[in-house]
Each structure stands twice: as C-alpha cells, then as structure tokens.
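Participant: What follows is a single structure, and I will ask about it in a moment.
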C-alpha cells in the first residue's frame, strides 16, 4: 500500500499537554503504528518538525522521540511548502496571531483550545479560516474519552428516555507549591498570563454539552479564587489573580427539544471523593448513568432501588453497588490520537470533520458568558454564534 507524507509543523509541544498528548501519545504513536489509514487503504505518515524558542530543549525532545527535524524559527517553517499543516499548543494569548500567520502562509491549521482568550479574536480567526478554503480544527478531546463514548451510546440507544439533568463534577487539589511541588503550571493562576479555570475548562464543557446533551441556551456562573497565594516553579511566592473554581448552572435544549438543566462544578481547590477526577451524572425518565474518564455505570428505571429516608438510623444501602457497569465493547485508543487521525484524514482524504474553529469559538463564547454572569451576578443568554 502506498504511503503518503504529510509535513506537519508542531509549535508549543514542550509544554505538558503538547508534549504528552499531542507529540508522544498522538503523532509519535501514529508514526509507530505505520501512519493513518485512508478509506482506500493507503497510508499517510506525518513528518513533523518541532518548533520552539529553546533550541536545546526542542532538540532534546526531538531526539528522544525519533523526530529528525526541529528548529526555532516559525517563519522559516511556515515558508516551507512541503509542510502543509500547522499545529499550535502554545499559550492561548498568542494563538490567534499564530493561526492567522499560518493561514496566510497557506497552511491547514489545528490547535488546542481555547482558540483565543476573548470572543472577538475567536470569531475573527474562525472567519479567517472559513474564508481561506483551508482545513481547520480545534481539539475537542473529551468527546473521545471511553466514559463519554459509553454515555453517548446509552443516549443514542434511548436508555435515558427524556433527558432531565446533568451534574458535572470536575477537579482536584492543586498543591500551592510551598509544602509540595505544584502539578500544574503557575501561569494557570495568573489572569494576566491567560490563566483561570473558567477560561481553561468552560471551552471543554461547551462541546461536551452541545454534542452529548443539548445546545447551551443560557448560563449562571459564580467564580472564585479560593487560594490567594501560590508558589511558582522556582519556589517563589506570587499572588493568584485568576479564578481557581467556578460553580455554574446552564439551561440546555436537548436533542429532542426538551429542556435540560446542567450543573457544572469545577475546582482546583477540592479533594476528591467520587469515582474519577471528572464525573458526569445524567438523569432521565427511564434511566440514569454516571461516567468518568474511562468507566460508565447505569441504573435503569426498573432496577432503581427504593431508599427510605430515616435520619435516625445508619444507612444500610450501598448506593455504589446498585449500578451496572457499561462494559468495554471495543478497544479505546487515546482520545487525542483519535482526533488527530480524523483531522489527518480530513486534510488528505477530505473526510467529513465537524470539530472546526467555529466550534472552538463556541467554547470561548461560553467562557465570556460565564465571566459576564459572574461579574454582573445574573443569567446570561448564549445565542447562536454567527460565523
């Protein structure tokens, strides 16, 4: 079978997400498996060049993973006509400018989310991409998680009946840095550097809600900075200026037109006592389900137990044992890698692809609505986004 080369410029892959999920677990894994298979059986082999500011760091990363090409000049990389795709996982603040630069150089573009720090820039770059005739996409990795794929299978099978509500719980304790090393970058907690849990996570929840449960129509959100001081990578204290928690309620219109209520709790200042770091609890008239990153458990209408409220005696029911696990019916590959394969087939084979930059702009729209709600202490409507 013929193998076609796909030149790929990868920018911002020395960071945690870019290196682990996009380079190592996606592009390197795709290369190790022999490329991406097209509809006709042909193969596409990504040939990346890694671009970053720190030459020593980027060279070491390339050598460690069998990547022959690396450099520090994005301008030179964009000038190479043999490399037709640009990917960015760098800072959100620089992303719209970098994407515009790549589009004007004639490159297809794919990027991490958020695609911008504000809606005006998000819409502007989405419109530029739409008008260019080039292929474009934004990472929407949560849709490919095994737990959410099982949840979606239940929904498509009609298991829930009429959807009623969703309760999302996300977060864990991010160490302040004085007693234990931090496990997230310090910029996450500085608003001036593009930090904040609302900007970081509300983009995810937008595409999860829209695709699996219903279109977001309005939101009420309260943010908080629970930990006012943290310590950076060098052990220096700094004031935390960005939100590290948010508590939101959203109104959705379900896929059948029914109203759905979504509660969204997210925090980097909470200690976990639940099935996973993120859980989605979905209730419907015919059944309920709780999904984490990998697993999903369901309880149907006819198997729902009858608990009795009596605060004077110890609870005898083990509610966790009353749910049935949705089994693994296939091998679930890495979610980032799956979406990379979709995008590569979209670029090379014109495969249908719906996770575009306008979809990424919807995430930024929900971010701005949530921030406005917090600031003005009221419900904010989320109208259809015209791009």
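The values are calculated or read from the model by the stated rules, or taken from the named source; none is laboratory data. What you see is a predicted model, and the numbers here were worked out from it, not measured in a lab. All Cβ positions, even for glycine, are placed from backbone atoms using ideal geometry, and neighbour counts span all protein chains on display.
Participant: Quick one: count up the residues across the stretch 355-383 that are assigned to a loop (DSSP other than H, G, I, E, B) and either more than 24 Å from residue 131 (Cβ to Cβ) or modelled with pLDDT under 95 (or both). Walk me through it before giving the result.
Facilitator: Taking the stretch 355-383 first, the residues assigned to a loop (DSSP other than H, G, I, E, B) are 355-356, 377-379, 382-383.
When the remaining residues are screened for being either more than 24 Å from residue 131 (Cβ to Cβ) or modelled with pLDDT under 95 (or both), the result is 377-379, 382.
Final tally of qualifying residues: 4.
Participant: Shifting gears a bit: Residues to consider are 340, 309; find the one that is out of contact with any strand residue (DSSP E or B) (no Cβ under 6 Å at 6 or more places or on another chain) and either surrounded by fewer than 16 Cβ atoms within 10 Å (Cβ to Cβ) or at pLDDT below 95 (or both).
Facilitator: One residue alone meets the criteria, 309.
Participant: Oh, and also: Could you please let me know if residue 194 is surrounded by fewer than 22 Cβ atoms within 10 Å (Cβ to Cβ) and over 20 Å from the mean Cα position of the chain (by Cα)? Don't jump to the end; show me each part of the working.
Facilitator: Numbers: surrounded by fewer than 22 Cβ atoms within 10 Å (Cβ to Cβ): yes; over 20 Å from the mean Cα position of the chain (by Cα): no.
So residue 194 fails the test.
Participant: What number of residues in the stretch 293-327 are in contact with a helix residue (DSSP H, G or I) (Cβ under 7 Å, 6 or more places away or on another chain), part of a loop (DSSP other than H, G, I, E, B) and under 15 Å from residue 153 (Cβ atoms)?
Facilitator: Counting residues in the stretch 293-327 that are in contact with a helix residue (DSSP H, G or I) (Cβ under 7 Å, 6 or more places away or on another chain), part of a loop (DSSP other than H, G, I, E, B) and under 15 Å from residue 153 (Cβ atoms) gives 3.
Participant: Next question. Search the stretch 44-54 for residues being touching a strand residue (DSSP E or B) at 6+ places or on another chain (Cβ under 8 Å) and more than 19 Å from residue 101 (Cβ to Cβ), and hand back the single one that is surrounded by the fewest Cβ atoms within 10 Å (Cβ to Cβ).
Facilitator: Among those residues, the one meeting the criterion is 45.
Participant: Could you list, in sequence order, all residues of the stretch 259-292 that are over 12 Å from residue 169 (Cα atoms) and assigned to a loop (DSSP other than H, G, I, E, B)?
Facilitator: First, the residues of the stretch 259-292 that are over 12 Å from residue 169 (Cα atoms): 259-261, 269, 283-289.
Listed by number, the residues that qualify are 285, 286.
Participant: Go through the stretch 1-22 and report how many residues are assigned to a helix (DSSP H, G or I) and crowded, with 24+ Cβ neighbours inside 10 Å.
Facilitator: The initial filter retains those residues of the stretch 1-22 that are assigned to a helix (DSSP H, G or I), namely 16-22.
Imposing the further condition that a residue be crowded, with 24+ Cβ neighbours inside 10 Å reduces the set to 22.
Residues meeting the conditions: 1.
Participant: Taking residue 341, is it over 15 Å from the mean Cα position of the chain (by Cα) and either assigned to a loop (DSSP other than H, G, I, E, B) or closer than 23 Å to residue 244 by Cα (or both)?
Facilitator: Spelling it out, it is not the case that residue 341 is over 15 Å from the mean Cα position of the chain (by Cα) and either assigned to a loop (DSSP other than H, G, I, E, B) or closer than 23 Å to residue 244 by Cα (or both).
Participant: I'm told residue 128 meets every condition in (1) modelled with pLDDT of 95 or more; (2) within 21 Å of residue 7 (Cβ to Cβ) except one. Can you identify the failing condition by its number?
Facilitator: Exception for residue 128: condition (2).
Participant: Separate question: Inspect all residues belonging to the stretch 147-164 and state whether any of them is surrounded by fewer than 23 Cβ atoms within 10 Å (Cβ to Cβ), in a loop (DSSP other than H, G, I, E, B), more than 22 Å from the chain's Cα centre (by Cα) and not assigned by TED's automatic domain parsing to the domain that holds residue 328.
Facilitator: No, the stretch 147-164 has no match at all.
Participant: Count, please, the residues in the stretch 184-219 that happen to be touching a strand residue (DSSP E or B) at 6+ places or on another chain (Cβ under 7 Å), outside any strand (DSSP E or B) and farther than 21 Å from residue 91 by Cβ.
Facilitator: Result for the stretch 184-219: 4.
Participant: Suppose we filter 242, 262, 234 for residues that are touching a strand residue (DSSP E or B) at 6+ places or on another chain (Cβ under 6 Å) and either surrounded by 14 or more Cβ atoms within 10 Å (Cβ to Cβ) or without any contact (Cβ under 8 Å) to a residue 60 or more places away in the chain (or both); which single one remains? Walk me through it before giving the result.
Facilitator: Numbers: 242 fails: touching a strand residue (DSSP E or B) at 6+ places or on another chain (Cβ under 6 Å); 234 fails: touching a strand residue (DSSP E or B) at 6+ places or on another chain (Cβ under 6 Å).
Only one candidate passes the filter, namely 262.
Participant: So which strands (runs of 3 or more DSSP E) are wholly in the stretch 67-139 and hold at least 1 residues that are within 18 Å of the chain's Cα centre (by Cα) and either under 15 Å from residue 200 (Cα atoms) or not assigned by TED's automatic domain parsing to the domain that holds residue 29 (or both)?
Facilitator: Ranges flagged: 108-111, 136-138.
Participant: A follow-up question, please. Quick one: which residue in 246, 234 is in the same structural domain as residue 163 (by TED's automatic domain parsing) and under 18 Å from the mean Cα position of the chain (by Cα)?
Facilitator: Of 246, 234, the one residue that is in the same structural domain as residue 163 (by TED's automatic domain parsing) and under 18 Å from the mean Cα position of the chain (by Cα) is 246.
Participant: Would you be able to say whether some residue in the stretch 82-102 is buried (at least 21 other Cβ atoms within 10 Å of the Cβ) and over 23 Å from residue 17 (Cα atoms)?
Facilitator: no
Participant: Just one of (1) modelled with pLDDT under 95; (2) exposed (fewer than 14 other Cβ atoms within 10 Å of the Cβ) trips up residue 325, so point out which.
Facilitator: Going through the list (1) modelled with pLDDT under 95; (2) exposed (fewer than 14 other Cβ atoms within 10 Å of the Cβ), residue 325 breaks only (1).
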